[in-house]
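What follows is a short report on a single structure.
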Amino acid sequence: MAEFPQRVFSGMQPTSTLHLGNYLGALTNWVAMQESYDCVYCVVDMHAITVWQDPAELTRAIREVTAAYLAAGVDPKKSIIFNQSQVAQHAELAWVFNCVARLGWLNRMTQFKEKAGKDRENASVGLYAYPNLMAADILLYKATHVPVGEDQKQHLELARDIAQKFNNDFAEQIAARGLGTGELGFFPQPEPMIQGPAPRVMSLRDGTKKMSKSDASDYSRINLTDDAETIAQKVRKAKTDPEALPSEEKGLEGRPEAENLVGIYAGLSGESRAQVLGQFGGGQFSAFKAALVDLAVAKLAPIAGEMRRLLADPSHIDGILGQGAERAAEIAAPIMRDVKDVVGFVRAR
Ligand code: TYM
């Protein structure tokens, strides 16, 4: 049976500084996947402006997120790194998908409801259509694997629905032009890859809330730009419960803060949660936290240092993004031309 060639696509929004959730939920998996896949990693600046961004701050954040990718180990020789707005086909395909996706599908998106809150009438149209642009990002490269944190699962399901509807709606044209991959259609069904021991990193202040850049308390998250002293302080202050750590994973049930810190330790050390509990189970939080401080500082402080070094030379970063955009467009342009033919648009040949 025909198969789509394997390709990875993922992205992060340049809206303020990246945090440990972004790192463990996504970035560490991106780095690992470079070894076995053809990878495209995007700084999704067009997604960022679905809520107001100060222009100068946006420019800074695009470079900072790029620096974080590089400092964490994404290698521009192995992978394509670029910012979304430099490859115009993202916007073009998103428009086609605005006309494929149904209002009912978007109405179910929980992230829109959370972000728009009570003032829904005042949210931008872009925030509402955001998942269609995300589907375009992925399918513009016919990506088959998408490494993300758990919070992106619903958006990935929508991307799969859009791919399927496009394949069905235009099945005749796709077949007539020989543009399908066997029975599978024009677009693949992208697989979410929600992996590792920390696919959902929670706030350090409240183990029932996701770690997020929008939390008012900076003590709720570890930022990738934090220095060693700040990281240590945040771990020491992290909320815990009075019990000792359990020796087995099932003992973490109903103990969200303990579960979160064990997941963070496992994510940073590359071990499983069971291995971490094998080492620390039965002991008090104080000893575990001391080990977590050492581990977090050893892993994260060098990333912050490397980001600072890279950010001192913005033109180097802009060069990497520019070259990445050229390579991305080489893949995207022929796929977008095929989409236009399938839809029935006329173009110069
Ligand atoms: P964004 O920018 O909110 O987050 C970037 C990545 O970090 C993951 N993440 C987390 N993982 C674990 N625990 C957390 N607390 C946590 N917070 C964030 C996210 O799951 C994500 O993988 N819509 C996307 C960006 C995007 C995209 C795409 C992703 C646009 N187009 C195409 C994949 C493919 C977003 O807002 O991610």
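The values are calculated or read from the model by the stated rules, or taken from the named source; none is laboratory data. Values in this document were obtained by computation on a predicted structure and should not be read as measured data. Cβ coordinates were reconstructed from backbone atoms using ideal geometry, including for glycine residues, and neighbour counts include every protein chain displayed. Ligands, DNA and RNA are stripped out before the accessible areas are found, and what is left, the full protein with its side chains, is counted by its heavy atoms. Shrake-Rupley method; radii C 1.70, N 1.55, O 1.52, S 1.80 Å.
Assorted remarks:
- Full-extension gain in nm, residue 306 to residue 179, via 0.36 nm per residue minus C-alpha separation: 41.3 nm
- Computed over neighbours whose Cβ is under 13 Å from that of residue 47, the net charge equals -1, Lys and Arg +1, Asp and Glu -1.
- Between residue 347 and residue 327, the simple spin-label model (points 7 angstrom out along Cα→Cβ) gives 2.3 nm.
- Annotated for segment 1-155: lysine pairs at least 8 residues apart or interchain, Cα distance under 23 Å, count 5.
- Residues residue 121 and residue 241, FRET efficiency given R0 of 56 Å [Cβ-Cβ distance, rounded to 0.05]: 0.85
- Packing order of peptides 164-177, 126-139, 294-307, highest average first: 126-139, 294-307, 164-177 (average count of other Cβ atoms within 10 Å over each peptide's residues).
- Percentage, to the nearest whole number, of Cα pairs in the chain over 39 Å apart: 18 percent
- Phi-based couplings in Hz for segment 167-180 (Karplus 6.51, -1.76, 1.60; Gly and Pro marked x): 4, 6, 4, 10, 3, 5, 5, 5, 5, 4, 8, x, 9, x
- Solvent-accessible surface of segment 121-249, taken per residue with a 1.4 Å probe and all protein chains present: 45 Å².
- A cut-off of 5 Å between modelled amide H atoms, ignoring neighbours fewer than 5 places along the same chain, links residue 38 with 8.
- From most to least packed by mean Cβ count within 10 Å, the peptides 80-88, 200-208, 326-334 give 80-88, 200-208, 326-334.
- Largest accessible area first, the residues 145, 90 order themselves as 145, 90 under a 1.4 Å probe with ligands, DNA and RNA left out.
- Cβ-based charge dipole, segment 218-309, positive-most Cα from 278, 298, 240: 298
- The chain: angle of helix 314-343 to the longest principal axis, Cα-based, in degrees nearest 10: 40 degrees
- Only Cα pairs under 8 Å and 6+ residues apart enter the sum, and on that basis the relative contact order of the chain stands at 24 percent.
- The slack between residue 108 and residue 290, meaning 0.36 nm per residue of separation minus the straight C-alpha distance, is 61.2 nm.
- Measuring nothing but protein heavy atoms, the accessible surface of segment 1-81 at 1.4 Å probe radius is 56 percent carbon and sulfur.
- For segment 218-309, carbon and sulfur atoms together expose 49% of the accessible surface, with a 1.4 angstrom probe and every protein chain in place.
- Residue 272 exposes around 50 Å² of accessible area when a 1.4 Å probe is run over every protein chain in place.
- Between residue 3 and residue 248, the FRET efficiency from the beta-carbon distance, with R0 = 41 Å, is close to 0.55.
- Estimated distance in nm for a label pair at residue 271 and residue 227, the labels positioned 7 Å out from Cα along Cα-to-Cβ: 3.1 nm
- Once you reduce segment 113-183 and segment 185-214 to the center of their Cα atoms, the two points are 18 Å from each other.
- Size descriptors for segment 218-309: radius of gyration and Dmax over Cα atoms are 13.3, 43 Å.
- Translational D in µm²/s for segment 33-164 (Stokes-Einstein at 4 °C, 1.567 mPa s, Kirkwood Rh from C-alpha pairs): 82 µm²/s
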